[in-house]
Every structure is written in C-alpha cells, then in structure tokens.
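Read through the structure below, which is laid out as structure tokens, and then see the notes.
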Amino acid sequence: MQFNEKGEPITHDQAVPAKESRTCGMRRRTFFIMLIALVIAIVVLGVALGVGLGVGLKKDSDGDNSSDPYCLDHPELCIGGALDANFYSKQGAFNGTGIALAGESWNKDQRRIFTLYFQHHTGDLRFMQYTTDRQWIGGTKSETVATDAKDSTPISAVAYALNHTQYFHLFYVSKNNTIRQMTFNNDTSIWQPGPLSGLNLEVFDSPSVGLQACWKGNFYGDSDYSKFPTASGQANEIPFDERVGMNLWYASDESTFEQYAWYNGQDMWVKLNPWQGKNGHAGVGCYSWGTGTTTYAMMVNKNNDTEIWWKDTNTTTTSEDSHPINSWVNSTDAAIRGVYPSTSLGYTTYFYAQMADRSVQGFNITYSAENTTIEQDDTFTITDPGGPVPGLGGTHLTCTAFAETQMDGNVTKTLWDSLYVFYQTEGDDITAFTRPIAGGEWTKGSLKIPDE
C-alpha cells in the first residue's frame, strides 16, 4: 500500500503525481540558473584580476610569483622570496637580509658602540646605530647607503680610525652581480663608491653566496699594542703587524673564493691566490686584528665542515714544515663539523655558525697557528627560556662584544659588558641576542625597523 503526503492510504483510483526532475538536489531550472550565474562571476573575476595586476597591484619581486628554479631542487641554499614570492617582506627588514656590524669601541667621541647595516624590505641598504646609552637610532631613508643591492645580498662592514680620520667601508653584491664598495669618512661625511667597485668583479650567481671583508694589522687603527692584554690578563708585549689594510673574500663559483687585499695608503686592490674546494654558498669568517703577525680565515668545505686556516707573515723568522711562513695552513684539530650548507660565519670574542639543525652556536677558539684548538667546555647554543632559538635556514648573522669601563684611579673597572649576536628568526625581523661575556642567560629582542 502507498501513502500520500499526509500519511493517508492511497486508493487505486487516486493518481500519484510524478516527481519533478532534479539535478544535484535542485530543480533542474534552478540548477541551470545557478550554473549560468557562476560562469558569469568567474569571467568577471578573471577580467578584474587581470586588470588589477596590469595597473600595478604590488608585486613582491621584479619577476613572476614563482620561486627561483634553482631553489626548487636546492631549498637549503635559498631564503625568503627566492623560495616563494609570498615570502618577500612587506615591512621591516628584507627576508634574507644581509647583516653586518662595524664595532666602534675606538670611537669615544660619538658615544656609539656599533653601527648595524642591513637590507630594508624596500631593497635599500641602510644602517642603525647602537649608542652607549643602549638605545637604537636610525634605519630610516636618511640612513640609506645604497639602492642597487641584489636581493638578500651578503653585507660586510669594516670601520677604523687612522691619522685622526674615521673610515667606514661597506661591501655587498649589486643587482648586476658584481662586488660594490661604498666608503664614508668624517672629512667628507658622504657615502661614495670605493676603488673596488671599479674592478667590476663578478660574483657567483646564486641566491646564497659568501662574502667577507676583514681589517688586518692592528686593532682597527689603534697600534698601541700594550693596551690589549693577553688571555692571562698580563700586559701584552707582542706588537701588531706594521702593514695595515683589509682582506676581502667572495665566491666566484660554487667551490672557489677569490681573495683581494688593500693596504693603507694605496688606491688599488691586489688579487691574491684563489681558494679552491670550498662551499661558495657559505660565508667566510676572519680574525686578523690581533697582536702578532698571524692571520686567520674560516671557510666551509664541501662536506659542510668549517675549517680554520692560519697564515704567519713574519718574514724575519725561518719557515719550517710545521710552521711555514706566508702560506695558508689548515688547523685540522679545530674543525667544526656539520654546519648549515649556507651558514654565515662571524667572530668577535666567540666564533659563531649556524648548525645543520638551524640553531646558532658559539665556539671559544684558542688561536695559536698550528696549535689552534676549540675549547669544547666553552661551546654554547643561543637560547631563550624556551630552549634553542633556530634561525631561518641560511640566515645571515653578525656579532660583537663590548665592555663599558671607567678609570678608578689607576684601575680600569668594568661597569657592564655583553656579547651581541644578530640573525633572523621570522623573515622581516632582525633579532638581537645578548648575554654577559662571562656567561649567563641570553635575552632576546627584535629591532624596531622603520617601515618607510
């Protein structure tokens, strides 16, 4: 028996109305009306989107929104917009910014501890300054050094004083993939291209590439070696090397670093022997402003291990197999295993590198030519209360150390001191980590970078 819609039995003489044909649960007429409306909406949206892009909706890069093709196969060697155009910064720092620091402990009159150089999200290279009052100033358009920098370019800075003149040098990779040098001194008070720019040195064309400049010869222009105590705290009796200047390393291909040198009083940079068999995606570290005649350079090899090389330039001594003169030697007992493939490297008081797990570690190195070693009991990871703080993979980093002192009679007293390490953890940030030099907990904070 069948029933009608009221639940009443239907007799055989009652006609059962035919069900209306439906599509996707809707009456067929309603379905086709909705389908036509949807097609019209899609067409209108497509036209509007095309017009919007054509009249200048903000693009994240000069190209399309796809990532760098190289990065599809090598994401560990890329950062920021090279991975995906959606990762380009809209505020703060450039995602993947180079970060360079020029300490100014010799610059007593200006009451600033250091100047930090970075790439703004607009692409410009700018600087901020950290004062002895522990305040940040700058970072605006007024503090622009260059406007032709390549995306995520490495940055290296050198500052020193000679003959009562203060000098600042900034090195970076330009949009045409050549090394650029910008210089500033307190006589002219303007940034202008340095002599290295005129050489048009071509850099390894890659989203990540190594570049480092380093002062050499004395403590950034201060040749009074007696002011710099030894590790034991005793007065130093070893003079500085009399030849002062700068070394510069940059990657020219995936496994080669070129080295150039400049000496005070010259306008020319001199090409030295290249370094083969290295990782051209990783950064370079250096230590050449200490007493004596030995210079140190740190590079990452093809196995992603950091090597520490030394070179003694004291030609008044006899060269020996265990201690050659004017020849680079690898301190094999001081290798740091398993760093990130495109790690940056930095040294002031401690040596810093990004490890394979993206954490940033500090190493206490005893620099002693062929006897150079790492103090394993004084190795640490940068942390906050939640544990290790990983950086973006391949983040640039920079570091320094500073102590504020005052004289109490004939005794120098330390009022406060700190280690400073800077790297990126989010993408549009520059995050600072500080702790006392002797040890203790790290504090963490992000720099306030002007958006305009």
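Values as computed for the structure displayed
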item	result
Positions within region 401-452 being closer than 19 Å to Gly98 by Cα, part of a strand (DSSP E or B) and not hydrophobic (A, V, I, L, M, F, W, C), in sequence order	Tyr420, Tyr423, Thr431, Gly445, Ser446
One residue from Thr414, Thr398 being β-branched (Val, Ile, Thr), surrounded by fewer than 20 Cβ atoms within 10 Å (Cβ to Cβ) and farther than 30 Å from Glu320 by Cβ	Thr414
Enumeration of residues in region 182-199 that are within 23 Å of the chain's Cα centre (by Cα) and part of a loop (DSSP other than H, G, I, E, B)	Trp191, Gly194
Residue in region 317-335 that is part of a loop (DSSP other than H, G, I, E, B), among the aromatic types (Phe, Trp, Tyr), more than 30 Å from Gln119 (Cβ to Cβ) and at pLDDT 95 or above present	yes
Test: residue in region 143-155 that is hydroxyl-bearing (Ser, Thr, Tyr), under 16 Å from the mean Cα position of the chain (by Cα) and not in a strand (DSSP E or B)	yes
Residues of region 419-441 that turn out to be surrounded by fewer than 17 Cβ atoms within 10 Å (Cβ to Cβ) and either of a type in the set (Gly, Ala, Ser) or touching a Pro at 6+ places or on another chain (Cβ under 9 Å) (or both), as a count	4
Failed item, numbered, when Asn304 is tested on (1) crowded, with 22+ Cβ neighbours inside 10 Å; (2) closer than 24 Å to Glu258 by Cα; (3) not acidic (Asp, Glu)	(1)
Residue count for region 109-142, restricted to those that are outside any strand (DSSP E or B) and of a type in the set (Val, Ile, Thr)	3
Within region 367-398, tally of residues that are touching a residue at least 60 places away in the same chain (Cβ under 8 Å) and farther than 16 Å from Gly439 by Cα	11
Filter pass, Ser208 being in a loop (DSSP other than H, G, I, E, B) and on the phi < 0 side of the Ramachandran plot	yes
Criterion: of a type outside the set (D, E, K, R), surrounded by 17 or more Cβ atoms within 10 Å (Cβ to Cβ) and either touching a Leu at 6+ places or on another chain (Cβ under 6 Å) or modelled with pLDDT of 90 or more (or both) - qualifying residue of Gly198, Gly221, Gly217, Gly138	Gly221
Total residues in region 285-312, condition in contact with a strand residue (DSSP E or B) (Cβ under 7 Å, 6 or more places away or on another chain) and in a loop (DSSP other than H, G, I, E, B)	6
Among the candidates Thr373, Thr348, Thr379, residue that is among the β-branched types (Val, Ile, Thr) and at pLDDT below 95	Thr348
Residue list for region 156-175, filter: under 20 Å from the mean Cα position of the chain (by Cα), surrounded by 21 or more Cβ atoms within 10 Å (Cβ to Cβ) and under 20 Å from Thr188 (Cα atoms)	Ala157, Val158, Ala159, His169, Leu170, Phe171
Any hit, region 411-433, residues being at positive phi and free of Cβ contacts under 8 Å to residues at least 24 places away in the same chain	no
Selection within region 255-289 - among the aromatic types (Phe, Trp, Tyr) and farther than 13 Å from Val300 by Cβ	Tyr260, Trp262, Tyr263, Trp269, Tyr287, Trp289
Exclusive hit being over 28 Å from Phe87 (Cα atoms), loosely packed, with under 14 Cβ neighbours inside 10 Å and among the polar types (S, T, N, Q), set Asn371, Asn364	Asn371
Only one of Gly63, Gly80 that is surrounded by 10 or more Cβ atoms within 10 Å (Cβ to Cβ) and modelled with pLDDT under 80	Gly63
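The values are calculated or read from the model by the stated rules, or taken from the named source; none is laboratory data. Since we're looking at a predicted model, the values are computed, not measured. Note: ideal-geometry Cβ built from the backbone for every residue, glycine included; neighbour counts use all protein chains shown.
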